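The values are calculated or read from the model by the stated rules, or taken from the named source; none is laboratory data. All of these numbers come straight from a predicted model, not from anything done at the bench. Cβ sites come from the backbone with ideal geometry, for glycine too, and all protein chains shown count toward neighbours.
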Amino acid sequence: MIELSVSRARSTLASLRLAVLMFLADPQWLIPSMIAPVIFGLVAFEIFRGSGPYFVVYAILGAGMMSMWGQTLYGSGWATGQDREFGTLEPTLQAPTPYLYVVLGRVIWNVLSGLIGGLIVYLVVILAYGRPPPLVDPWAFAGLFVFVVLTLAAVGVVFAAFYVYTRYAGFIQNVGEFAFYVGTGCMFPVVLLPFWTSPFSLFFPPTWALDALRYLAIPGYAGFSWGFGIDLLGAVGTTAVYLAVAGSVFQQVQRHVLESGDLQEY
Amino acid sequence: MNEAAIEAHGIGRVFESRKGFLMQERVRTVALDGVELSVRPGELFGLLGPNGAGKTTLTKILSTLLLPTRGQAKVLGVDVARNPELVRPRIGLVLGGERGLYNRVSARENLRYFADLFGIPVERREPRIVEVLARVGLTDSADRRVEEFSRGMKQKLHLARGILHWPQVLFLDEPTIGLDPRSARETRKLVRGLVSDGVTIFLTTHYMFEAEELCHRIAVLGHGKIIATDTVAALRQLVGGDRTFEVEGYGFEDAELAQLRRLPGVSKIVSEEFGPRLRLTLRVRTREIVPEDIRGVLLNHAELSVRERGTSLEDVYLDLVEEGT
Ligand SMILES: Nc1ncnc2c1ncn2[C@@H]1O[C@H](COP(=O)(O)OP(=O)(O)OP(=O)(O)O)[C@@H](O)[C@H]1O
Ligand SMILES: [Mg+2]
């Protein structure tokens, strides 16, 4: 008898590979996902025009995050929704690999393609405005930026679970997406929002990470009153929580769908 | 090993769904209602039953895709609801149909993906894919996108995926649906081959000859319960014998029917309209009766036709399903 050895890393890679293949088979969807960043970039530029040089940085960060957010978060859930639609959710869940690792592979692909969206925003704003002023600390910024991407991925993983859970997830997320852009401070600093919204946004790692990132980009930035250090701690902490619960969230969700028996519905 | 390959005790499954305006109305469907069955290692076990009887539901429960609402099922000695992760690597599942595949990539890529998810040893992956593609007859289309596949080709790919990881138990839900006669025959050959390799197979089908040709034992499912389980030969006896006479004529009288019933070995007579004529179907247990005995009873009928045929699995099935209702 042949010994099977299920490996999480291998399953993640297989899922990443399939995501790339599916993209290459039908690359035209890149166009709509490129239009959004261009529009985000232009709108952000118009909103913040004339508010001093560093608001351009703000615009880039905000719009860039929005498009990356869309790609990473929405994309990961969407792929699971597609699994429902294709009818591939059943055979995939029937395989011995936990579905979490399949999602992880897709999240990695979405992060990579989301970065392209971020880059487009950057280029659009630069073309419209010219080079932004130098960052406060470019190296720390770069490092933290990678971490911000990780926070998005963490949320993306947990959100994908939602799509496994119910076929209505896409609908719910469509409605909720805009609230997210605002609520996590992608669009405006969270401190500008009504007080009651901040407790919610603090549940999302990107809120903390993005605020921390602004400290590194804008001299004299004052976001949350607690400052950079706590921001960073909050980001690391919330991300850790997301990653820690991802496994059990998926286990629960997988259990739930086996109970409800609507895996083939979409 | 004495242990059953598949075992189900009191399996029930209820679906709760909502329908109507704003999903206000709750609908409760009892799909399975206390299923008992046991499949031996190496056996080819067939499950028959009308549409909506619960065949797919049972298949999904046994293959860890659905939890029963009551009862217990074990596959290879492992509880499917409690330890699905131990069952999954050892079983294969073919649900078939147009869906369930990644249409935008090739057949080979579909198999690569699932080979990775199943943890097929890396060095064996490519040769194994070539092997299963050949086994289902898709070698020439291996690198075409699945969206270009006909329904039958998709069905073959489903099969290829089901057997990819050398499962010890294979669940096949209507494996030959949509296949042309030759491909269906090839598939049945493949199934027999798997059985001779020692694979236990659990198969559902609506094709009686397929079940008769392939299965060691057959269970008939009706309204969520197993009506009967046995070999085809034993099921024939169960429904009243392996000989069936078909008698066609006009206006048989009750007295004549009673007389036919008294013939030795006649276990059952069903009469139905057949165009302008009546058709009597006689189920017979013994070898003693010949067509002349029947003609002897129905002497004053002109244009009488009496034909003998073996009791087919279809007869058995229809009888059992009818009794079940
Ligand atoms: N996800 C579901 N939600 C609600 N009801 C369901 C669901 N799946 C199956 N059912 C119901 O359960 C019953 C059994 O369905 P199942 O698909 O198991 O039948 P089947 O024997 O496979 O039929 P067929 O021969 O048509 O394939 C049907 O009444 C069906 O409507
Ligand atoms: Mg079915």
Answer yes or no as to whether B:Gly100 is within 16 Å of ligand 2 (Cβ to nearest atom), touching a Phe, Trp or Tyr at 6+ places or on another chain (Cβ under 8 Å) and not aromatic (Phe, Trp, Tyr). yes
Filtering segment B:103-120 down to residues that are facing another protein chain (nearest Cβ under 7 Å) and either basic (Lys, Arg) or closer than 21 Å to A:Ala9 by Cα (or both) yields B:Arg104, B:Glu109, B:Tyr113, B:Phe114, B:Asp116, B:Leu117, B:Phe118, B:Gly119, B:Ile120
Output the residues belonging to segment B:50-97 that are at positive phi, more than 9 Å from chain A (Cβ to nearest Cβ) and buried (at least 22 other Cβ atoms within 10 Å of the Cβ). B:Gly54, B:Gly96
Output the residues belonging to segment A:10-28 that are in a helix (DSSP H, G or I) and either among the small types (Gly, Ala, Ser) or at the interface with chain B (Cβ under 7 Å from one of its Cβ atoms) (or both). A:Arg10, A:Ser11, A:Ala14, A:Ser15, A:Leu18, A:Ala19, A:Leu21, A:Met22, A:Ala25
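So that you can scan it fast, the table gives a plain yes or no per residue for (1) modelled with pLDDT under 95; (2) over 24 Å from B:Asp230 (Cα atoms); (3) in a strand (DSSP E or B):
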| residue | (1), (2), (3) |
| --- | --- |
| B:Met1 | yes, no, no |
| B:His9 | no, no, yes |
| B:Ser17 | yes, yes, yes |
| B:Ala31 | yes, no, yes |
| B:Ala53 | yes, no, no |
| B:Ile61 | no, no, no |
| B:Leu65 | yes, yes, no |
| B:Glu98 | yes, yes, no |
Can you find a residue that is within 13 Å of another protein chain (Cβ to nearest Cβ), within 16 Å of ligand 2 (Cβ to nearest atom) and crowded, with 18+ Cβ neighbours inside 10 Å anywhere in segment B:15-22? no
A careful count of residues in segment B:215-226 that are touching a helix residue (DSSP H, G or I) at 6+ places or on another chain (Cβ under 8 Å) and surrounded by fewer than 22 Cβ atoms within 10 Å (Cβ to Cβ) gives 3
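Which one of these is in contact (Cβ under 8 Å) with a residue 40 or more places away in the chain, more than 14 Å from chain B (Cβ to nearest Cβ) and part of a helix (DSSP H, G or I): A:Ala142, A:Ala79, A:Ala59? If you could, list the steps in order and put the result at the bottom.
Details: A:Ala142 fails: in contact (Cβ under 8 Å) with a residue 40 or more places away in the chain; A:Ala79 fails: more than 14 Å from chain B (Cβ to nearest Cβ).
None of the other options fit; the residue is A:Ala59.
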Of all residues in segment B:260-315, how many are outside any strand (DSSP E or B), of a type in the set (Lys, Arg) and surrounded by fewer than 16 Cβ atoms within 10 Å (Cβ to Cβ)? 4
Within segment A:223-247, of all residues that are of a type outside the set (A, V, I, L, M) and under 20 Å from the mean Cα position of the chain (by Cα), the one modelled with the highest pLDDT is A:Gly237
Name the single residue that is surrounded by the most Cβ atoms within 10 Å (Cβ to Cβ) among those in segment B:30-49 being away from ligand 1 (no atom under 11 Å from the Cβ) and not hydrophobic (A, V, I, L, M, F, W, C). B:Gly46
Looking at segment A:106-135, which of its residues are within 18 Å of A:Arg214 (Cβ to Cβ) and touching a Gly at 6+ places or on another chain (Cβ under 7 Å)? A:Gly118, A:Val121, A:Tyr122, A:Val125
Looking at segment B:33-51, which of the residues that are in contact with a Ser or Thr (Cβ under 9 Å, 6 or more places away or on another chain) and outside any strand (DSSP E or B) is modelled with the lowest pLDDT? B:Gly49
Can you find even one residue in segment B:196-205 that is farther than 26 Å from B:Gly310 by Cα, in contact with a Pro (Cβ under 6 Å, 6 or more places away or on another chain) and at pLDDT 90 or above? yes
Some residue of segment B:143-154 being of a type in the set (S, T, N, Q) and either crowded, with 17+ Cβ neighbours inside 10 Å or within 19 Å of B:Val35 (Cβ to Cβ) (or both): no
Is it the case that some residue within segment B:170-187 is away from ligand 1 (no atom under 16 Å from the Cβ), buried (at least 16 other Cβ atoms within 10 Å of the Cβ), within 30 Å of A:Ile2 (Cβ to Cβ) and modelled with pLDDT of 95 or more? yes
When you look at B:Val27, is it in the same structural domain as B:Lys225 (by TED's automatic domain parsing), within 16 Å of ligand 1 (Cβ to nearest atom) and outside any loop (DSSP other than H, G, I, E, B), yes or no? yes
Take the conditions more than 16 Å from ligand 2 (Cβ to nearest atom), assigned to a helix (DSSP H, G or I) and closer than 30 Å to B:Leu62 by Cβ and apply them to A:Arg255. Does it pass? yes
Filtered residue count, segment A:89-108, keeping only those that are within 7 Å of another protein chain (Cβ to nearest Cβ), outside any helix (DSSP H, G or I) and not polar (S, T, N, Q): 2
